[in-house]
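Each remark here refers to the structure printed beneath this line.
The values are calculated or read from the model by the stated rules, or taken from the named source; none is laboratory data. Bear in mind that the values here come from a model prediction, so they are computed numbers and not experimental data. Note that we place each Cβ from the backbone using ideal geometry, even for glycine, and neighbour counts take in every protein chain shown.
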Amino acid sequence: MIDYGIEFHNVDHLEEVEGMGGKKLCRFPRDLSRSLGVAENRNARFRADRVHGCELRFATESKYFDVALTAVEQDIDVLIYKGDLLHKKEVLKAGVCTVLHVEEPPVYEIVSKDMLTGKQFAPWIWRIQFGMNGAVYFHYIDTYESTLRPPNKDEKPAVLWAAYGSSITCGSVTNLYSNSYINQAAVTAGWDVINKGLSGSCLCEKEVADYLAELTADVLSVEIGVNMVLFFEEEETSKRVGYLLETLKKSPARDIFVIDMFPNKGLIALDQDSTYYRHYRSFKEIVSQAALKVGDHRFHLIKGEEILKDFTYLSTDLLHPSDNGHIRMGANLADQLTGKR
């Protein structure tokens, strides 16, 4: 979306909240997010407003600018890029309005900036990328009477990819969001990505399926299964996965990638009667069979073990990948997405 002369990437809308200054960046429509979940888990209703993967994108002729932002819930890392190049990292302290003062790198005065063009963004586009685990309010941007505009189409990647999934798609448990597997895959492929992950809350609701089918994106991916392990049995999971994939046949996307569960503790659980052991196997089969039977050439099944190839990719919770694991997953996924597999 475009407002204030800025592209709010991965943001559905800016929301005014009574008692709060600024406007909250929301990744999903409010009527959708407030309808999500089941009795045992309605966490999607607030996790839809977490800003992982959201960016402020713009161009200015000014040599410096200020952006005022407030993080709530937790401190949030901010990575500031100029084009594809990292400029600096900042931290928004929770509950405090932070004014980020950013200046043009002095070295840019003595080099040919056109040679800095990478695979994604024009080198003069500023990008302020938000990390995990909180919401952000936008207050203002000040370019000190200089120009301000959003990126043009030819200053961004040509391919737009929308990614739905669990906390792993959200980027957990990376120390920097830029290491998340979908961000890494997008960088390698030279694509743009919007993060529609719902941490711990990827339950394949009908409302989400309808929403994803209407998104304007060239490529769509759904990483599904793991968040349903504790809440549903096979019959309900099969219904939800079936509705999701059938509904996504309405999507305008040229390719739709279905990713089944990544290897996790369920694969090696000692108790073969445990929910994790049983559902790891049965849910992978449900997702795989649904993807193979969907009857649409745009659908491609990706097995989780093709992306997360062994347990060294994981952190010690044996569920979420480490930074190194995410980075390797991103390289593996990029090969799948771009047909280099």
Inset, instruction - Considering every residue within segment 272-279, establish whether at least one is surrounded by 21 or more Cβ atoms within 10 Å (Cβ to Cβ), touching a Phe, Trp or Tyr at 6+ places or on another chain (Cβ under 9 Å) and not hydrophobic (A, V, I, L, M, F, W, C). - result: yes
Inset, instruction - Would you mention how many residues in segment 188-212 are touching a Leu at 6+ places or on another chain (Cβ under 7 Å) and at positive phi? - result: 1
Legend entry - Pick from segment 149-198, criterion of a type in the set (D, E, K, R) and over 24 Å from Lys88 (Cβ atoms), ranking: farthest from the chain's Cα centre (by Cα): Asp154
Inset, instruction - Return yes when Leu203 is under 28 Å from Pro157 (Cα atoms) and at pLDDT 95 or above and no when it is not. - result: no
Inset, instruction - Take segment 312-341 and flag every residue that is farther than 16 Å from Ser172 by Cα and in contact with a helix residue (DSSP H, G or I) (Cβ under 8 Å, 6 or more places away or on another chain). - result: Ala331, Asn332, Leu333, Ala334, Gln336, Leu337, Thr338, Lys340, Arg341
Legend entry - Residue check, Tyr137 in the same structural domain as His52 (by the TED database), in contact with a Lys or Arg (Cβ under 7 Å, 6 or more places away or on another chain) and part of a strand (DSSP E or B): yes
Legend entry - Residue in segment 265-274 that is under 27 Å from Tyr211 (Cβ atoms), in contact (Cβ under 8 Å) with a residue 40 or more places away in the chain and not assigned by the TED database to the domain that holds Gly37 present: no
Legend entry - Failed item in (1) crowded, with 24+ Cβ neighbours inside 10 Å; (2) under 30 Å from Lys156 (Cα atoms), with Glu214 passing the rest: (1)
Inset, instruction - Give the residue that is nearest to Leu245 (Cα to Cα), with candidates limited to residues of segment 275-287 that are more than 26 Å from the chain's Cα centre (by Cα) and in contact (Cβ under 8 Å) with a residue 40 or more places away in the chain. - result: Ser282
Inset, instruction - Return only the number of the condition from (1) closer than 15 Å to Glu61 by Cα; (2) assigned by the TED database to the domain that holds Leu203 that Ile125 does not satisfy. - result: (2)
Legend entry - Near pairs, Cβ below 8 angstrom, 6+ apart or cross-chain, from segment 27-39 (over 19 Å from Gly165 (Cβ atoms) and in contact (Cβ under 8 Å) with a residue 24 or more places away in the chain) to any residue that is among the polar types (S, T, N, Q) and assigned to a helix (DSSP H, G or I): none
Inset, instruction - Sort out which residues of segment 288-341 are farther than 15 Å from Val258 by Cα, touching a residue at least 12 places away in the same chain (Cβ under 8 Å) and among the charged types (D, E, K, R), and write them in order of number. - result: Lys309, Asp310, Asp317, Asp323, Arg328, Arg341
Inset, instruction - Filter segment 214-266 down to the residues that are part of a loop (DSSP other than H, G, I, E, B) and among the β-branched types (Val, Ile, Thr), then identify the one that is farthest from Arg278 (Cα to Cα). - result: Thr216
Inset, instruction - Could you tell me which of the residues Val102, Val96, Val72 is surrounded by 15 or more Cβ atoms within 10 Å (Cβ to Cβ), over 20 Å from the mean Cα position of the chain (by Cα) and closer than 22 Å to Tyr137 by Cβ? - result: Val102
Legend entry - Cβ pairs under 8 Å, 6+ apart, first in segment 163-176 and closer than 18 Å to Val78 by Cα, second of a type in the set (A, V, I, L, M, F, W, C) and buried (at least 21 other Cβ atoms within 10 Å of the Cβ): Cys170/Met132; Cys170/Leu198; Gly171/Met132; Gly171/Ile182; Ser172/Met132; Thr174/Met132
Inset, instruction - Would you be able to say whether some residue in segment 192-202 is surrounded by fewer than 23 Cβ atoms within 10 Å (Cβ to Cβ), touching a residue at least 40 places away in the same chain (Cβ under 8 Å), more than 18 Å from Arg254 (Cα to Cα) and not small (Gly, Ala, Ser)? - result: no
Legend entry - Any chance Ile286 is farther than 26 Å from Gln184 by Cα, assigned by the TED database to the domain that holds Tyr181 and crowded, with 17+ Cβ neighbours inside 10 Å: yes
